Amino acid sequence: MSETILKMEAARLVLEGNAGPLEILRGVTLSVARGESLGLVGPSGSGKSSLLMLMGGLERATSGRVEALGQDLTAMDEDQLARFRRGNMGIVFQSFHLIPTMTALENVAIPLELAGKRDAFGRAAAELEAMGLGARMDHYPAQLSGGEQQRVALARAAAPRPAIFLADEPTGNLDGATGEAIMELLFGLRDRHGATLILVTHAPELAARCDRVVRLLDGRIAGEELARKVAE
């Protein structure tokens, strides 16, 4: 049996809105195996991104339990969660979240330095080279195209060699060809490092590349299937 790397048990998320409490996730139970690629799909507002945020400890479950690598994320404080993410998770968003006053190399290297990694700049340079950005390391985000900025974000996520990659619509701000190139890189990272990949996407063709797809509707799991059926 495959080792479970991430597990959620009856996880609920309730946020305060202008009209009062809003239930975003309604008791989600889900397990993800080590090395698996999982696609999260569903209409806008179904809870996909919120579910990913719970998995990454970026949102705290209102009730229920979230475990990653055998650690109870719901029991950690913010500092503990930040340390856990830094060592174990690589997160990529639709918006690139690069620091505009830092070069591509610095954007990848500084988090490694903060984590106490040796040769942070050497590792960052090697990761950017692997992303095809060897000639762009000294450029600032404003000097890079959208696809290049997302490659920097991928390099930053991959450099610590995380066990889990979380990607929230990573091609949403990119044209079709550039988005396809980014997905090739993302799945390549998964394969190269043996990491688990959890991907939020609206695109059936991207979900179909995953091992398994979970569909969300109104904050609940509405079904799941092997991904090869999604594109049929």
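The values are calculated or read from the model by the stated rules, or taken from the named source; none is laboratory data. None of the values given here were measured: they were computed from a predicted structure. Don't worry about glycine lacking a Cβ; one is built from the backbone with ideal geometry, like all the others, and counts go over all protein chains shown. In case anyone asks, the SASA skips ligands and DNA or RNA and just uses the protein heavy atoms, side chains included. Shrake-Rupley method; radii C 1.70, N 1.55, O 1.52, S 1.80 Å.
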Cα-based shape type of region 1-97, given that a ≥ b ≥ c are square roots of the gyration tensor eigenvalues and the cut on a/c is 1.5
rounded
On the accessible surface of the chain, probed at 1.4 Å with all protein chains in place, carbon and sulfur together account for a percent value of 48
Solvent-accessible heavy-atom area per residue, rounded to whole Å², over the chain at 1.4 Å
47
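If packing is taken as the mean number of other Cβ atoms within 10 Å per residue, what is the order of 49-57, 215-223, highest first?
49-57, 215-223
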Pop a pseudo-label 7 angstrom from the Cα along the beta-carbon direction at both Q94 and A75 and give the gap in nm to one decimal.
3.6
Evaluate the relative contact order of region 102-211 (contact order divided by residue number), counting alpha-carbon pairs under 8 angstrom at least 6 apart; express in whole percent.
24
Using the C-alpha atoms of region 3-55, what convex hull volume per residue, in cubic angstrom, is computed?
74
Dividing the mean separation of Cα pairs under 8 Å (6+ apart) by the residue count of the chain yields a relative contact order in percent of 27
